[in-house]
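Visitor: Pasting a structure here, questions to come.
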Amino acid sequence: MKSEQAKHLYNEILTYFTHNYSTEVPVTFENMDEASQDIFCAAEALYYDWPELFFIGNSWRFLYTKEKPGRFIIEGNRYSAEQVCMVRFHMKRVRDYLLKGTEEEPVLRREQIIYERIAQLLRYDNRHERHDHTIVAPILRCTGVCEGINALLLLALRAAGIPAIKVIGCAKINGGGHAWAIAWPDLSTPVHLDATWDLTSSVSPDIVWENHGERCAFRYFNLSDRQISQDHDGYRKDYMPRCQKEYLNYDKICNI
């Protein structure tokens, strides 16, 4: 985000949703000429960055009057306060399961355990619902598409102290849109992780898995740009980190 006001709005809305839930959030503007552009920039970034904000969706507007502070409004909202509370409860339950017993493990081992548990827990299923693309379907049904599966991976990695971001690109096999993650398990070396393409219990419409058992193959775990580019594309942007190291590949760390 280039605008300081957009950054301010991003932090203001994030802080509000950390402690509250409403379809209307009070916000403050300093530059009304850029208000519309900045609020949409902030909302899009929040939806992109935080799996926990599954209820934001991708349709928003803002209102401003002299009598009241500005208001960020979620349009077409599908969740009541009770539903958001219920999803958040199960989100914590699933997160705790994914992290159980990893507290004393080295960071790389912690990452490996979380990744394998997600690969074993979830099943690819596209019901063509919004839930499939957010964290909701993975935590309530243990299903989802790449965006939803990746949302759960981001949530768990961050809870384990491993920085991670969402990556948007495509699959070379059919050119279809795809999402995965870049993480920093050693805090200095970025690597690609694609839990969707390592699921052990289902067959994706695009990929025929070699393994249909319960053991994760870790084929898309801690890969470099060179490695992920064999079947992933469209993610190289100026702002994306370069993943150049391969010493964190599974075959290198599997004995830690």
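Visitor: Can you list the GluC sites (Glu not before Pro) in region 38-103 that are in a DSSP coil and have 13 or fewer other beta carbons within 10 angstrom?
Guide: Glu67, Glu75, Glu103
Visitor: Set the Förster distance to 51 Å, then compute FRET efficiency between Gln37 and Glu104 from the Cβ-Cβ distance, nearest 0.05.
Guide: Working from the Cβ atoms, E equals 0.60.
Visitor: If you don't mind, there's one more thing I want to ask. Tilt of helix 146-159 relative to the longest C-alpha principal axis of the chain, in degrees (0 to 90, nearest 10)?
Guide: Helix 146-159 and the main axis of the chain meet at about 90 degrees.
Visitor: Taking 0.36 nm per intervening residue step and subtracting the Cα-Cα distance, what contour gain separates Glu44 from Arg61 on full extension?
Guide: 5.0 nm
Visitor: So if we plug the beta-carbon distance of Gln120 and Phe89 into 1/(1 + (r/R0)^6) with R0 = 22 Å, what FRET efficiency do we get, rounded to 0.05?
Guide: Efficiency, from the Cβ-Cβ distance: 0.45.
Visitor: Counting heavy atoms of the protein chains only and a 1.4 Å probe, report the per residue accessible area for the chain as a whole number of Å².
Guide: Solvent-accessible surface per residue comes out at 50 Å².
Visitor: Of the listed pairs Lys100/Lys172; Lys172/Lys252; Lys7/Lys68; Lys172/Lys237; Lys2/Lys68; Lys7/Lys166, which have alpha-carbon separations greater than 24 Å here?
Guide: Lys100/Lys172; Lys172/Lys252; Lys2/Lys68, as the Cα separations exceed 24 Å there.
Visitor: If DNA, RNA and ligands are ignored and the probe is 1.4 Å, what is the ranking of Asp233, Asp238 by accessible area, most exposed first?
Guide: Asp238, Asp233
Visitor: In nm, to one decimal, how far is the Glu4 label point from the Leu187 one, both placed 7 Å along Cα→Cβ?
Guide: 3.1
Visitor: A follow-up question, please. Once phi is turned into θ = phi - 60°, what whole-Hz ³J(HN,Hα) does the Karplus curve with 6.51, -1.76 and 1.60 give for every residue of region 97-109, x standing for Gly and Pro?
Guide: Running phi through 6.51 cos²θ - 1.76 cosθ + 1.60 with θ = phi - 60° gives 5, 5, 9, 4, x, 9, 4, 8, 7, x, 4, 5, 5 Hz.
Visitor: Based solely on its DSSP helices, what 222 nm [θ] is calculated for the chain when runs of n ≥ 4 H residues each add -39,500 (n - 2.57) and the sum is averaged over all residues, nearest 500 deg cm²/dmol? Before the final figure, lay out the partial values.
Guide: Values: 8 runs with 93 residues, N = 256.
My calculation for the chain gives -11000 deg cm²/dmol from helical runs alone.
Visitor: Sticking with this one: Roll a 1.4 angstrom probe over the protein heavy atoms and tell me the percent of accessible area of region 216-256 that is carbon or sulfur.
Guide: Exposed carbon and sulfur together represent 47 percent of the surface.
Visitor: With +1 on each Lys and Arg Cβ and -1 on each Asp and Glu Cβ, how big is the dipole of the chain about its Cα centre, in debye rounded to the nearest 20?
Guide: For this selection, approximately 300 debye.
Visitor: So how do Tyr239, Tyr21 rank on accessible area, 1.4 Å probe, biggest first, that is with the largest at the start?
Guide: Details: Tyr239 170, Tyr21 45 Å².
So, going from the largest accessible area down, we get Tyr239, Tyr21.
Visitor: For Leu199, list long-range residues whose amide hydrogen, built 1.01 Å from N in the peptide plane, is under 5 Å from its own amide hydrogen.
Guide: Hits under the 5 Å cutoff: none.
Visitor: Another question, then. Between Trp60 and residues 5 or more places away or on another chain, which pairs have amide H atoms under 5 Å apart, with H built 1.01 Å from N, and which residues are they?
Guide: Glu75
Visitor: What part of the accessible area of region 43-115, given as a whole %, is carbon or sulfur when the probe is 1.4 angstrom?
Guide: For region 43-115, the apolar C and S fraction of the accessible surface comes to 54 percent.
Visitor: Got a sec? What order do Phe218, Phe40, Phe62 fall in by accessible area at 1.4 Å, biggest, i.e. largest, first?
Guide: Phe40, Phe62, Phe218
Visitor: Something else: For Ile162, what charge total do you get from the other residues with a beta carbon under 11 Å from its beta carbon, if Lys and Arg give +1 and Asp and Glu give -1?
Guide: Counting the neighbours of Ile162, the net charge comes to 0.
Visitor: Roughly how many Å² of Met32 are accessible to a 1.4 Å probe, to the nearest 10?
Guide: 80
Visitor: What's the extension gain from Asp233 to Tyr97 if we count 0.36 nm per residue and subtract their Cα-Cα distance?
Guide: The Asp233-Tyr97 span can extend by a further 45.7 nm.
The values are calculated or read from the model by the stated rules, or taken from the named source; none is laboratory data. As the structure is a computational prediction, the values presented were derived from the model and not from experiment. As a convention, Cβ positions derive from the backbone with ideal geometry for all residues, glycine included, and neighbour counts pool all protein chains shown. The accessibility values were calculated without ligands, DNA or RNA, using every heavy atom of the protein model including side chains. Shrake-Rupley method; radii C 1.70, N 1.55, O 1.52, S 1.80 Å.
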